[in-house]
1. Treat every Asp and Glu Cβ in the range 239-306 as -1 and every Lys and Arg Cβ as +1, leave all other atoms uncharged, and give the resulting dipole magnitude about the Cα centre to the nearest 20 debye.
2. Give the accessible area for Glu158 in Å² (nearest 10); use a 1.4 Å probe, count only protein heavy atoms, and leave out ligands, DNA and RNA.
3. When the accessible area of the range 207-306 is split by element with a 1.4 Å probe, what percent falls to carbon and sulfur?
4. For the range 1-95, what D do you get in µm² per second when you plug the Kirkwood radius from alpha-carbon pairs into Stokes-Einstein at 10 °C and 1.306 mPa s?
5. Quick check on the range 239-306: what are the equivalent-ellipsoid semi-axes from the Cα gyration tensor, as sqrt(5λ), descending, whole Å?
6. In 5 Å bins starting at 0, how do the alpha-carbon pair distances of the range 142-196 split up by percent?
7. With θ set to phi - 60°, apply the Karplus curve 6.51 cos²θ - 1.76 cosθ + 1.60 along the range 31-43 and write out the HN-Hα couplings as whole Hz, x wherever there is a Gly or Pro.
8. Quote the convex hull volume per residue of the range 79-148, based on C-alpha atoms, as a whole number of Å³.
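The values are calculated or read from the model by the stated rules, or taken from the named source; none is laboratory data. As the structure is a prediction and not an experimental result, all values here were calculated from the model. All Cβ positions, glycine included, derive from the backbone under ideal geometry; neighbour counts span all protein chains shown. With ligands, DNA and RNA removed, areas are computed over all heavy atoms of the protein, side chains included. Shrake-Rupley method; radii C 1.70, N 1.55, O 1.52, S 1.80 Å.
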Amino acid sequence: MKFSFAPMEGVTSCLFRQTHAVCFPGVDRYYAPFLAPDGSGVCKQGAWRDLRPENNPAQLPVPQVLCNKAEAFLAVARELQAMGYTELNLNAGCPSSTVVPKHKGAGMLQDLRSLDDFLADVFSRCELKISVKTRLGLESSEEFPAILEIYRKYPLAELIIHARDRKGMYKSEPDLEAFAAAFPHCPFPVCYNGNIVDAVSLGTVTARVPELERVMIGRGAAANPALIRQLQGGPALDKAELEAFLRRYDEALSQSGIGEHYTLGRLKELWFYLSSLFPGELKAYKRIRKAQNMADYRSGVSALLSGDGFRSDAVFIG
Ligand SMILES: Cc1cc2nc3c(=O)[nH]c(=O)nc-3n(C[C@H](O)[C@H](O)[C@H](O)COP(=O)(O)O)c2cc1C
């Protein structure tokens, strides 16, 4: 089984990915959070910074783009190719109400003729391999057979299926039946995504689709940075290595020049997930959540780590 770390905007930026790759090696691929170009392909400088090879020395991620204009997609692809990238992932899954009405992300699934035209254009002109990360539909996974008919027309490098419709956001139960029904009709590599948080949830998916060779994990791996290693048969997370990982990530952020405010924001965002490793410690976690500066944050983390509330077998419940 190949394991990918899902893109998570605000969580899995390059400093997180690099720290994770050094402390918990073994992830097959990291997907970078989406680039959001304007109509002519211009992206924010910070977004490019996240992808520069010198900022990703441990492992180059697969970049992702959120757009519905072929020219913008192609301009981003050219820039990435010059940076040494060989693949670009299209986001056809973002459920946000600021994205979907613009027919981007999962909004691309609204009008299949436009999706088809977009894919025809980029596949005929792009020199990079193209993969797609999709939802099963907007309102229902019953939409997926028609969506898959479109994808099947193109030589996708990979189809990552987040097995929910857009309406389900990140909450609904993944639709394993719809995923299993689609799987045999995919002429390209397929990666399953959605709610894998431990060996049991992975086992449920592989029992339903035994031929599956790729899975992508997001929140479960943010909550337990050793999850992928564990699913590969390695040891469970231990508190000392969590501490070392956090120290290294704190140092990387603090030295990056983004400033205390953003450093604190990034760390709190990660702790939203990590806190599930300390199930009975809501009060101690609140100290981290409410920290106003890095000194408060670090003393909150020390207090939590010096207690006995750490549970390596705790799982993230979304
Ligand atoms: C905070 C957050 C940010 C996300 N950012 C992205 C993103 O940039 N691109 C993307 O394709 N998916 C994004 N996702 C969706 C995840 O990649 C993944 O599909 C989803 O969380 C389901 O997988 P999981 O249950 O393993 O977390 C994001 C999810 C979360 C919770």
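1. On the way: 11 positive and 8 negative charges, 51 e Å.
It works out to roughly 240 debye.
2. Around 0 Å² of this residue is reachable by solvent.
3. Values: 2400 of 4950 Å².
Percent of accessible area from carbon and sulfur atoms in the range 207-306: 48.
4. Working: Rh = 13.5 Å.
Diffusion coefficient, whole number: 117 µm²/s.
5. Numbers: eigenvalues 71, 36, 19 Å².
Calculated on Cα positions only, the semi-axes equal 19, 13, 10 Å.
6. Pairs per bin, as whole percents: 4, 19, 31, 26, 14, 5, 0.
7. 9, 7, x, 5, 8, 10, x, 7, x, 9, x, 7, 10
8. Numbers: hull volume 6.6 nm³, N = 70.
Convex hull volume per residue, Cα atoms: 94 Å³.
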